[in-house]
Amino acid sequence: MPRKPLELPPAVARNFVRDMRAFFAEKNSIKKDGIAAGTLHMLKQHYNGKLRITDVREMFIAMKYQA
């Protein structure tokens, strides 16, 4: 069953893109995980489904060249 697209308020979407850029600019993997964890917390406030840090990392990678 396909997932319903996640609709975010514009400010949250901008913060997601900001975090994604910071994620790819960071060289330290522990700091990358911290950025992904913060983004996960932000997304969970607007999405009731199950999300994990790996899901956020996959979203960052999938959207890397779209932002």
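The values are calculated or read from the model by the stated rules, or taken from the named source; none is laboratory data. Note that the structure is predicted; figures quoted are calculated from it, not measured. Cβ: placed from backbone, ideal geometry, glycine included. Neighbour counts: every protein chain shown. Just so you know, the surface numbers come from the protein's heavy atoms only, side chains and all, with ligands and any DNA or RNA stripped out. Shrake-Rupley method; radii C 1.70, N 1.55, O 1.52, S 1.80 Å.
Report the FRET efficiency, 1/(1 + (r/R0)^6), for N28 and K50, where r is their Cβ-Cβ distance and R0 is 35 Å, rounded to 0.05. Efficiency computed from Cβ-Cβ geometry: 0.80.
The phi torsions of the stretch 45-50, fed into the Karplus equation with coefficients 6.51, -1.76 and 1.60 and a -60° offset, translate into couplings of 6, 10, 9, 8, x, 7 Hz, rounded to whole numbers, with Gly and Pro shown as x. Simple point charges give the picture: +1 on the Cβ of Lys and Arg, -1 on the Cβ of Asp and Glu, and for the chain a dipole about the Cα centre of about 40 debye.
Length gained on full extension, R14 to A62, computed as 0.36 nm times the residue gap minus the Cα-Cα distance: 15.6 nm. Here the Karplus relation 6.51 cos²θ - 1.76 cosθ + 1.60, evaluated at θ = phi - 60°, turns the backbone of the stretch 25-33 into coupling constants of 7, 7, 9, 7, 5, 5, 5, 4, 4 Hz, with x for every Gly and Pro. Short-range pairs are left out: with C-alpha atoms under 8 Å and at least six residues apart, the relative contact order of the chain is 31 percent.
Taking only protein heavy atoms and a 1.4 Å probe, the accessible area of the chain is 56% carbon and sulfur.
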